[in-house]
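Q: Would you mind keeping the following structure in view while I ask a few things?
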């Protein structure tokens, strides 16, 4: 399970990125580390999934990006949740919880 | 979620590509480096750390591609790139591109113009309310050549129908083809006018633009001097003056109150009229005397719930009632199968416009479009085949067939869009020129200018585009289906074109040759037809004759029944004197109409006592000329027997007539026609002379016999005097002098000058127009075909350069190479010609029904056309053949 790449639905990844950015702005690499951490190593997101997702989020106005300096003095682009992004995260979380609890309940029925 | 924000975001790369790409690279590079650093920190060796980082992060280039899908509008990017690429490709092959664009422009332009015209004149639905309920009422003579077609109506017949017919919600009477003098401050105009009964407005159901139309109540009291203006008249003559309603206009010798103005393009029963005045029936018109005056139109609107069939049945019954009340009319009615009839108005109007001519022009235009499309398709096949290698390589590099297909489609579409844009000036020129060529202002039922019919233009472009795409796709499709490696291997040796490509190309050329031949045949037949017609002559001398038409309106000249002809006769005499005195005038005469013209084309019945008509025979009808002594001499008509009219044939003398040869031959075959009697308009006339047959009216009208009356002995049949002047000087030179001379007798006269030669040209127009048009189209098609064949052969030669080089190196004589190429060309041409001949045979039959000189449609035209095609096409093939024979083997063997 350590390096297994599971397929995530696009929408779900977007939601998880929003969640990951909830506390503080991060650059791309930082995000991938955080996602790995949050999922206990289940989700290892490659650049090919991460950046397109960030692009999508930026297009919708849920994150905004700015150039900054990373920990080791490297120039990097930092992504931050916007107010709209926070609202969106809230909405999607609620929706997901409803959806998943329904499906879980259905699966438990014999 | 804001869609505009998203759109704006995605449009940015189109303007700031460089910056965005650089930033992305930097960002992803940073990501990689950070991962590497993390790996190092975890204890890996530097090399290992880097490789691990690469694996963990995934491929940069693929990531960039996925990112690009999100960052910008991908399909738009690709499209723009393809269009730019297409532009470069087109610029590279300048020759081919130019030919294709020109072909497209010509074909599309011509077709659009022609169809817009055809639609405007023939196909556009009639602009009345519920126009399918509007019918034309009139006489039907089923036993005569025109069968079930509804003809004109006479006043008593109309009044009868108006009174008794129950199938119609409204009926109206139209007396058109009249003119009035309109006196305005500073100018005197002679304007076409129609007198109509108030019912016509209800029939049409079209509300006036301003004001109102006259109704029955308006005519019950007062003199009925009311007028409704047409939009065109209101705009051109009165400058769209809105205050005109209620004001008075001076028409002839009366003043009329203007009630309203009709909307643009409005007309009644296809008759051009500048204004409409109420029709008041005279007692003579109400009486049975005028039963035979079939010179008017009647229109009606079917009542709700009544079908056309039911109306027709009722009309038949009403006619029966008429016959019951007038038993003397029963026999002639039965002979001709007479009854009252009704037909949808649009059908009736169409039958009077040069419909068949227009349709044949359309057919020819479509054929040329086909040839053009084939040409372009052929060219596209050629150019695309040359790029097989490029496509195969790109396929190997990862381009999907869809991607390649899209690029090809973009190129073709760009080409066609450019061609379409170029076609617009051609089409506009055609639209501008065609109506005047067809003299449509006279015949157009709607009075509106012809406009572009955009749906058709779009459809044509679509069809042509579809054909082009198909043609371009064939080679690519065949390439992408093959295994890439094998395809690349095959390209290592330069092969001649695959069988499929060759067959396609050959098929195109053959089809073009066939179509060109068909058009040539049509041109040949119609040209020969015109040649014969002109050669036969029309019974009158056409050269050196000028025609001057002067209107003699009754309000100035009298001339009604019971009136003395004094004013008219004195005018004619004075005018003739003045004209004959003009320098350069050799002879002058006057009549109420002139041969070959469409003026006053009415035919009248006559009887020859003692003649027994056979059952079902056409009634004796004739054109009537009211003329003076010397008419035949001036017009160059031979006097066959007897004598001309003489000054002595005056008002108190026995009425005399001169008849055309047809009458003498048919109705008085025994003995001499001269001296016999003829009943005309209730008077017994003595025949004093016989002249040759002439073409009285334009060819599209029906010709008939003619009789010539002495002007002084009859009331004026027509309120126009037509002078024919024989002179050696051209019309333009004489025109001013003639007008001046005539106006010196009456300053208010309006005079129009033309020439007999001009009349002849107009008269044969329905025959000459198809010839000119077919000739034009055939030439275009032939040129295109020659181009097509040239292209095909040139392509073959280019492909087989290596093979030719080998042959030459092995000792083949150059003429043999020449022959080889020519043989291919000849093969294609012959097959095409054979097909074309086959296709032309049914065409010959169709054309034969359209032309007058049936002899012209003989099959030897086919041989001639085939010969022309083969020669032209052969010449087209010579150039590539010569180039092939001049190939240098050394160069050829080294080339690819």
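Q: What FRET efficiency, computed as 1/(1 + (r/R0)^6) with R0 = 51 Å and r the Cβ-Cβ distance, is obtained for residue B:855 and residue B:826, rounded to the nearest 0.05?
A: 0.95
Q: By how many degrees, between 0 and 90 and to the nearest 10, does the Cα long axis of helix B:454-481 differ from the longest principal axis of chain B?
A: So the inclination is approximately 30 degrees.
Q: Using alpha-carbon positions, what is the distance between the centroids of segment B:527-548 and segment B:300-323, in Å?
A: 45 Å
Q: A further question on this structure: For segment B:3-72, what is the Kirkwood hydrodynamic radius in Å, using each pair of distinct C-alpha atoms?
A: Working: mean 1/r = 0.0736 Å⁻¹.
Hydrodynamic radius (Kirkwood, Cα only) of segment B:3-72 equals 13.6 Å.
Q: Compute the long axis of helix B:731-745 from its Cα atoms, compare it with the longest principal axis of the Cα atoms of chain B, and write down the angle in degrees, 0 to 90, nearest 10.
A: 30 degrees
Q: I would also like to ask the following. Residue B:321 versus residue B:288, label points 7 Å from Cα toward the beta carbon: distance in nm?
A: 1.7 nm
Q: Compute the angle between helix B:155-164 and the longest alpha-carbon principal axis of chain B, please, reported from 0 to 90 degrees and rounded to the nearest 10.
A: Relative to chain B, helix B:155-164 is tipped by roughly 80 degrees.
Q: Working from the pairwise distances between different alpha carbons, so that the mean of 1/r is found and then inverted, what is segment B:646-752's Kirkwood radius in Å?
A: That comes to 16.7 Å for segment B:646-752.
Q: Let me check I have the definition right: for segment B:742-812, take the eigenvalues of the Cα gyration tensor, multiply each by 5, take square roots. What are those semi-axes in whole Å, largest first?
A: Value: 64, 11, 9 Å, ordered largest first.
Q: Would you mind estimating how fast segment B:209-303 diffuses translationally, via Stokes-Einstein at 20 °C and 1.002 mPa s with the Kirkwood radius over Cα pairs, in µm²/s?
A: This corresponds to a translational diffusion coefficient of 143 µm²/s.
Q: One-quarter of the Cα convex hull surface for segment B:784-893, in nm²?
A: Numbers: hull surface 30.0 nm².
Average projection, Cα convex hull of segment B:784-893: 7.5 nm².
Q: Full extension from residue B:45 to residue B:848: what is 0.36 nm times the residue separation minus their Cα-Cα distance, to one decimal in nm? Could you put the intermediate results ahead of the total?
A: Working: separation 803, 0.36 × 803 = 289.08 nm, distance 9.60 nm.
Computed gain between residue B:45 and residue B:848 is 279.5 nm.
Q: Here is a follow-up. For chain B, report the convex hull volume of the alpha-carbon atoms normalised per residue, in Å³, without decimals. Let's see the in-between values first.
A: Numbers: hull volume 231.6 nm³, N = 896.
Hull volume normalised by residue count: 258 Å³.
Q: Given the C-alpha atoms of the protein assembly as shown, compute the convex hull and give its volume per residue in Å³.
A: Enclosed volume per residue, from the Cα hull, is 302 Å³.
Q: For segment B:545-727, what does the convex hull of the Cα positions come to per residue, in cubic angstrom?
A: Each residue corresponds to 120 Å³ of Cα convex hull volume.
Q: For residue B:248, put the label point 7 Å out on the Cα→Cβ axis and report which residues of segment B:193-223 keep their amide N under 17 Å from it.
A: B:222-223
Q: Turning to a different aspect of this structure: Take the Cα coordinates of segment B:695-828, assign each an equal point scatterer, and use the Debye formula without solvent to give log10 I(q)/I(0) at q = 0.16, 0.17, 0.20, 0.22 Å⁻¹.
A: -1.04, -1.10, -1.24, -1.31
Q: Moving to a separate point now. Which values, in whole Å and largest first, are the semi-axes of the equivalent ellipsoid of segment A:10-108 obtained as the square root of 5 times each eigenvalue of the Cα gyration tensor?
A: 26, 16, 11
Q: Run through the DSSP bridge list for the protein assembly as shown and note the antiparallel percent, rounded to the nearest 5.
A: Numbers: 80 of 99 bridges.
Roughly 80 percent of the beta bridges in the protein assembly as shown run antiparallel, per DSSP.
Q: Any idea what the relative contact order of chain B is, in percent, if you count C-alpha pairs under 8 Å spaced at least 6 apart? Intermediate values should be presented prior to the final figure.
A: On the way: 1452 pairs, mean separation 130.8, N = 896.
15 percent.
Q: Here's a follow-up. Tell me, what is the FRET efficiency for residue B:432 and residue B:531 to the nearest 0.05, using R0 = 35 angstrom and their Cβ-Cβ distance as r?
A: Here the calculated transfer efficiency is 0.75.
Q: Follow-up. If we sort B:400-412, B:808-820 on the protection proxy, mean other Cβ atoms within 10 Å, highest first, what's the order?
A: Working: B:400-412: 17.8, B:808-820: 14.2.
The packing order, highest mean first, is B:400-412, B:808-820.
Q: Here's something else I'd like to know. May I ask you to derive the relative contact order of segment B:757-896, considering only C-alpha pairs under 8 Å and at least 6 residues apart, and to give it as an integer percent? Display every interim value, and only then the final one.
A: Values: 95 pairs, mean separation 65.1, N = 140.
This gives 47 percent for segment B:757-896.
Q: Provide a whole-number value for the mean count of partner chain Cβ atoms within 10 Å of the Cβ atoms in peptide B:626-637. Don't skip to the end; give the middle numbers.
A: On the way: counts 0, 0, 0, 0, 0, 0, 0, 0, 0, 0, 0, 0.
That works out to 0 on average.
Q: Calculate the translational D of segment B:262-319 in whole µm² s⁻¹ from Stokes-Einstein, where the hydrodynamic radius comes from the Kirkwood formula applied to all Cα pairs, the temperature is 25 °C and the viscosity 0.890 mPa s.
A: The Stokes-Einstein estimate is 166 µm²/s.
Q: Segment B:225-368: Rg/Rh from Cα coordinates, Kirkwood Rh?
A: Radius of gyration over Kirkwood radius for segment B:225-368 works out to 1.07.
Q: Another question about this same structure. How large is Rg over Rh for segment B:143-336, taking Rg from the Cα atoms and Rh as the Kirkwood inverse mean of 1/r across Cα pairs?
A: 1.01
Q: Now a separate question. With viscosity set to 1.002 mPa s and temperature to 20 °C, compute the Stokes-Einstein D of segment B:516-623, Rh being the Kirkwood radius across alpha carbon pairs; µm²/s, no decimals.
A: Once the numbers are plugged in, D ends up at 113 µm²/s.
Q: Further question on the same structure: Using alpha-carbon pairs under 8 Å, 6+ residues apart, how would you state the relative contact order of segment B:3-72 in percent?
A: Computed value for segment B:3-72: 45 percent relative contact order.
Every read-out reported here was derived from the displayed coordinates using simple, explicitly stated rules and does not represent laboratory data. From a predicted model like this one, the values you see are computed outputs, not experimental measurements. Ideal geometry is used to build each Cβ from the backbone, glycine not excepted, and the neighbour counts take in all protein chains shown.
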